[in-house]
Every structure is written in C-alpha cells, then in structure tokens.
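J.: Starting off with a structure, shown below.
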Ligand code: ADP
C-alpha cells in the first residue's frame, strides 16, 4: 500500500500532479478542497457550515475537516493507497491523521512538498482566474489563503521532517519534469 501526501501552498500545482499520480499508481485521491467545494455546491449541511469560511480564504476548523477526511477514507477500505491533497494543513490534522492511520494499521509513506516561490504562486493564480472562477481567488481572499499557509500550514513540514518522511521537490519547470521528480520519490519509498 502506498499512502502519500502532496503538499504545497495555493497554486503550487498539487491538483495537476495529483491527477497524474492517481493514474500511475492507482491511488484514491482525497482532496479536502474538492470535497468542501462539492459540499458547498450541493448545499449540504456541511456545505452550509463551511461556505462562508471557505469564501473568506480561512481554514475550516480542524474537527470538521478531520471528520470529513476520515469518513472519506472509510468509503474505500480496499484502496491500493491514498493520495492526500490539501490535507493535513495544520499540525493537529497531521497528528489526527497519524492516529487514524495507526488505528487502521496503515502509515503515511511520504510527503512530497512542492517548492514554489510566492511571486510565482500569485502569477499562476492570476492566470488560473481567467479560466476558472473561484470566489477565493480574489486578491483579498487569496492573500488570506497565502497567509494561512505561512502561519499554520508550513508547521506541518517539520512534523514530517522529524519522521524522516519529507521530500521537497522543485515545483518550477515542466509539468512532466516535476512529475518525474515526484515519481523518483515514490520509487525510493516503496
Ligand atoms: P488551495 O488552492 O488554497 O490549495 P484548496 O482547494 O485545497 O485550496 O482548499 C480551498 C479551501 O478549502 C481552503 O482555503 C479552506 O477554506 C478549505 N480547506 C481545504 N482543505 C482544508 C484543510 N485540510 N483544513 C482546513 N480547511 C481546508
């Protein structure tokens, strides 16, 4: 079983690389951002709860996010592995994931962190905005998302570094080049 986390700030390319990884390794893709967007689009009770928080660019509270994640993993008990995208985003989420995986005799094999400078992130999101409209891509919301990343989410990196599971990959370059670098990490840990 291969369980991996794809990590990086907004606009780092997690979604693009995730699509390629799930195809190549047959993983179940769990993107908490996509799941939350599905709930808000479909106006579910959870969607109603998180709609305003997400639209502001802030993080959804840990207990809500963790419960949703665990429910999603439980839907596919026979998965070849999971690719976590956009989760964990806080140290509390990382600890909850470890506890949850341990209870199920599973483990996180590696965390691939896409390294992209802030200036490049802003340019990419500005471009993405022209194609796909997202309420939280507006300047003020985007600033909030980037701020959330640098105040809360970066602390997840040392958490996995201490476990010897952190691999940083340069997120600048051709999509396929970056993908090859990620695959090299996967080959190394499996
Ligand atoms: P980004 O493009 O900023 O990486 P995502 O699509 O992953 O965004 O997530 C969009 C929004 O969904 C976040 O700004 C946040 O409100 C919420 N969200 C997604 N994942 C998490 C998480 N693990 N913890 C808390 N909130 C989350």
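Bear in mind that the values in this text are calculations on the coordinates, not laboratory data. Quantities reported herein were computed from a predicted structural model and do not represent experimental measurements. Glycine also receives a Cβ, built like all others from the backbone with ideal geometry; neighbour counts cover every protein chain displayed.
J.: Please compute, over every Cα-Cα pair in the chain, the percentage with a separation greater than 27 angstrom.
T.: Details: 4410 of 17955 pairs.
Result for the distance tail: 25 percent.
J.: For residue 20 and residue 63, what is the calculated FRET efficiency with R₀ set at 30 Å and r taken between the beta-carbons, to the nearest 0.05?
T.: Result of the calculation: an efficiency of 0.40.
J.: Next up: Where does each of 110, 183 land when they are ranked from fewest to most other beta-carbon atoms within 10 angstrom?
T.: Numbers: 110 20, 183 16.
The fewest-first ordering by Cβ neighbours comes to 183, 110.
J.: Continuing with the same structure: Return the calculated 222 nm mean residue ellipticity for the chain, to the nearest 500 deg cm²/dmol, obtained by summing -39500 (n - 2.57) across DSSP H runs with n ≥ 4 and dividing by the residue count.
T.: Numbers: 9 runs with 109 residues, N = 190.
Calculated from helices alone, the mean residue ellipticity at 222 nm is -18000 deg cm²/dmol.
J.: Shifting gears a bit: How high is the relative contact order of the chain? Use alpha-carbon pairs under 8 Å, at least six apart in sequence, and give a whole percent.
T.: Numbers: 243 pairs, mean separation 64.2, N = 190.
Once normalised by length, the contact order is 34 percent.
J.: Can you sort 105, 18, 151, 56 from fewest to most other Cβ atoms within 10 Å of each residue's own Cβ? Don't jump to the answer; show the numbers that get you there.
T.: Numbers: 105 7, 18 22, 151 10, 56 15.
Ordered from fewest to most neighbouring Cβ atoms within 10 Å, 105, 18, 151, 56 come out as 105, 151, 56, 18.
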